[in-house]
Amino acid sequence: MASPRTCSSRTSPSTACAVSTKALAFDLDAPWDLHPRVEIRPERFGALLYSFDTRRLSFLRSPELLAVVQQLANAASARAACLAAGVGEAELPPYRAALARLAETDMITARAAHEQGSA
């Protein structure tokens, strides 16, 4: 099982406090998807995410978090994606925080917003 330290995406120390307060607002029960302009490059440590819109690079520090992100497209919610990737209910808080950071940086988007934007 992944430790809380290994299931995060890298953030600037200056924004870590702000990010942690917003993590509580991330809705695990909403459908999410990888932003259509973001590409995943799997790596031994997890993955790199690159946004072609912002030119931002994010690090997924564990294969487990990569599995969660890859499950988002097929899952009814972020919680379902976590469960499908093998993350137990007790392990959800650090994954919620990592997903919140990815949402905050537009690496993942709420599926309803994504679908409306592409229609």
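The values are calculated or read from the model by the stated rules, or taken from the named source; none is laboratory data. Bear in mind the structure is a predicted one, so any value in this text is a computation, not a measurement. Note that we place each Cβ from the backbone using ideal geometry, even for glycine, and neighbour counts take in every protein chain shown.
In segment 52-88, the residue that is nearest to Ala112 (Cα to Cα) out of those that are in contact with a Leu (Cβ under 8 Å, 6 or more places away or on another chain) and of a type in the set (Ser, Thr, Tyr) is Ser77. Got at least one residue in segment 44-62 being in contact with a Phe, Trp or Tyr (Cβ under 7 Å, 6 or more places away or on another chain), part of a helix (DSSP H, G or I) and surrounded by 15 or more Cβ atoms within 10 Å (Cβ to Cβ)? Checking segment 44-62: not a single residue is in contact with a Phe, Trp or Tyr (Cβ under 7 Å, 6 or more places away or on another chain), part of a helix (DSSP H, G or I) and surrounded by 15 or more Cβ atoms within 10 Å (Cβ to Cβ).
If we scan segment 33-42, do we find a residue that is over 11 Å from Met107 (Cα atoms) and in a strand (DSSP E or B)? Yes, segment 33-42 has at least one match.
Filtered by the rule that a residue be among the aromatic types (Phe, Trp, Tyr) and out of contact with any Lys or Arg (no Cβ under 6 Å at 6 or more places or on another chain), segment 46-62 gives a lone residue, Tyr50.
The single condition among (1) surrounded by 19 or more Cβ atoms within 10 Å (Cβ to Cβ); (2) in contact with a Ser or Thr (Cβ under 9 Å, 6 or more places away or on another chain) that Ala75 does not satisfy is (2). Under the condition of being at pLDDT 95 or above and more than 11 Å from His35 (Cα to Cα), the residues counted in segment 90-119 number 13. Checked against (1) crowded, with 18+ Cβ neighbours inside 10 Å; (2) under 12 Å from the mean Cα position of the chain (by Cα); (3) not small (Gly, Ala, Ser), Val87 meets all criteria but (2). Scanning segment 63-81 for residues that are part of a loop (DSSP other than H, G, I, E, B) and in contact with a Pro (Cβ under 7 Å, 6 or more places away or on another chain) yields Ala76, Ser77. Look at segment 50-64: where a residue is in contact (Cβ under 8 Å) with a residue 12 or more places away in the chain and on the phi < 0 side of the Ramachandran plot and a partner is of a type in the set (Gly, Ala, Ser) and part of a helix (DSSP H, G or I), sitting 6+ places away or on another chain with Cβ atoms under 8 Å, you get Leu60/Ala98.
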